[in-house]
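The values are calculated or read from the model by the stated rules, or taken from the named source; none is laboratory data. Here the structure is a predicted model, which is why all the values come from computation and not from measurement. Neighbour counts run over all protein chains shown; Cβ positions are idealised from the backbone, glycine included.
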Amino acid sequence: MSALTIAAQDSATMLWREIKHSIRLLRLLIVSAILVPVVMLLLFDYILGGTIGRGLGDAARGAPYVDYLVAGILVMTVAGGCGPTAINVTMDMTGGFIDRIRTMAVSRDALLAGHVGVSVLRMLVATAAVTAVAFLVGFRPKASVADWFAVVGIVAAFSLAMAWLSAAIGLVTKSVAGANGSTLPLSFLLPFLSSTFVPADSMPAGVRWFAANQPFTAVVDSLRALLTGAPVGNTPYVALAWCAAITLVSYLWAQAAFRRGSR
Amino acid sequence: MDALTSHTTRTAVSVTGLRKTYGEKVVLDGIDLTIAEGEVFALLGPNGAGKTTIVQILSTLIQPDAGTATVMGYDLRREAGAVRGVIGVTGQFSAVDDLLTGEENLLLMGRLLHLPAAVRRARASELLQRFDLVEAARVTPATYSGGMRRRLDIAMTLMGRPRLIFLDEPTTGLDPRSRQIMWQLIRDLVAEGVTILLTTQYLEEADQLADHIAMLDLGHIVAEGTPEELKRRMPGAHIRLRFADVASLDKAARELDQGTRDDQDLVLRIPNEGGIRSLRDVLARLGDDVAVEDLSIHTPDLDDVFFAVTGNAPKEKNQ
């Protein structure tokens, strides 16, 4: 068997393992990956949306707040998948599984490929489910078929970036509680400090620059433009560049951490 | 190394000048050891002696700072991949997958070892039987006892029929019955010709299982040999004679003119450095007219040896 065949076979094995894990933890995952973003969607749309929507002015383009909100909720849904991924990786590290396979003739990339692959899969399923709920509560996108393809592509690229980043975080975190805590900035802080709920330029001066220029805003803005039929400009390219950069850096970081092992 | 074995058997592990430091702390300070194929070699020492570090280096998990090692004929640095193909490692903490059933854990190892589907299924059910895990096959390890987890862990290691197995403290934390079961499993593996490198804090375990023992303390090997050799090197070997009455004890003490007497138990202990010869000598001097109720020969146990070579009782050195 060539090294490539072995790498593919081992990655498939690890994917199988992670899919089994996801099935065993299904109820937990449904709550954290789908229910939490749905609750955020409903809270912001029904409870806060009236006032926020009126305050948006031109940014809402005359549509209800939910149309503005969904792009950000999708990004939040993807980011919400970071916690479980980091926790799963940390459990493999602290539980000795990573050291076990490092003593075996197993392809070095397979375990992380399994974690990242299934993580992306979970994020995509969750965003599809949350999108379906959004339709139920009145989300009416104006995207063309081509726009939808672009939306799926950007969500997938962002998922890949977040999955690698959380895998790397999971590898360097010493405990499961730590893994959860380390991903909270991704799943909560960065979405709020972006254009997820309100435009970045409506924020106080101190955070405005950060919010306008951080990767989550680039992804949210591009998805929002595509979904609401607004001019997209170069936003999809900025978003994809951010995703590529995060993926590359996280991949290299994760590789180094995996080689170091549990020490 | 034992001249008798090195000529007749092949070498499984050969280590020279192994050193490892973490920052200021010297963990291994020049380790040399040779393990013959088919034997059980025990690394015995307290926590922090460097046992696990040796296992981590030999199983390719970490790199030594200096020194060379070959494992089953492969160079540890240049042929790490080949080394991984012939070894099996069971670490100190049971690395079982808690979300998979016992059987799925074994099948996962089978897949990672690239065994054909039929082979891995057959091997998994064989190991479940042999390790008394049949009822655990369809249950996740969350409900297992400590002994069951450890058995599943070792069964996972055996899926690929490794020729050399590293067992890092295989019985630490197990109850006495589980320990006995584990010892029997290890003896069965040896009977199949597998070479085992075992680490343990328990002198009794090394004494029971090992063909060769290296005593490790603060990164040094402080004594090495067969359990018997190590015990023989120790002062404290004696012949213990028990008598029916004080008169016999008095008479024997007068005839032999050495040793320490214990009037309460009617026992005389005579230092015995010369093995059978000095035993024969003692019996000859006693003659026929002293009634000896009971005779036993005492060799020091490994606790005595460890205490003598390190100046510390092993269990007092937890850190």
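Brief remarks on what is shown
- Residue match in the range B:22-31 (condition: out of contact with any Cys (no Cβ under 8 Å at 6 or more places or on another chain), surrounded by fewer than 22 Cβ atoms within 10 Å (Cβ to Cβ), closer than 20 Å to B:Thr195 by Cβ and not hydrophobic (A, V, I, L, M, F, W, C)): no
- Condition check for A:Asp201 on (1) more than 18 Å from A:Val78 (Cα to Cα); (2) modelled with pLDDT under 90; (3) surrounded by 15 or more Cβ atoms within 10 Å (Cβ to Cβ): one failure, at (3).
- In the range A:106-137, the residues that are within 14 Å of chain B (Cβ to nearest Cβ) and either assigned to a helix (DSSP H, G or I) or without any contact (Cβ under 8 Å) to a residue 60 or more places away in the chain (or both): A:Ala110, A:Leu111, A:Ala113, A:Gly114, A:His115, A:Val118
- Here is the figure for the range B:69-122: residues that are in contact with a strand residue (DSSP E or B) (Cβ under 8 Å, 6 or more places away or on another chain), under 22 Å from A:Ser262 (Cβ atoms) and touching a residue at least 40 places away in the same chain (Cβ under 8 Å) total 8.
- Of the set (1) surrounded by fewer than 18 Cβ atoms within 10 Å (Cβ to Cβ); (2) polar (S, T, N, Q); (3) not assigned by TED's automatic domain parsing to the domain that holds B:Leu33, all apply to B:Asn272 but (1).
- Unique residue being more than 14 Å from chain A (Cβ to nearest Cβ), touching a strand residue (DSSP E or B) at 6+ places or on another chain (Cβ under 8 Å) and either over 30 Å from A:Ile87 (Cβ atoms) or in contact (Cβ under 8 Å) with a residue 40 or more places away in the chain (or both) when the list is B:Ile165, B:Ile196: B:Ile196
- The single condition among (1) within 12 Å of chain A (Cβ to nearest Cβ); (2) over 21 Å from the mean Cα position of the chain (by Cα); (3) crowded, with 23+ Cβ neighbours inside 10 Å; (4) under 23 Å from B:Asp188 (Cα atoms) that B:Val83 does not meet is (4).
- Residue list for the range B:200-224, filter: in a strand (DSSP E or B) and touching a Lys or Arg at 6+ places or on another chain (Cβ under 9 Å): B:Thr200, B:Leu216, B:Asp217, B:Ala223
- The condition of being away from chain B (no Cβ under 11 Å), acidic (Asp, Glu) and over 22 Å from A:Ser159 (Cα atoms) holds for only one of A:Asp67, A:Asp99, A:Asp58, that being A:Asp58.
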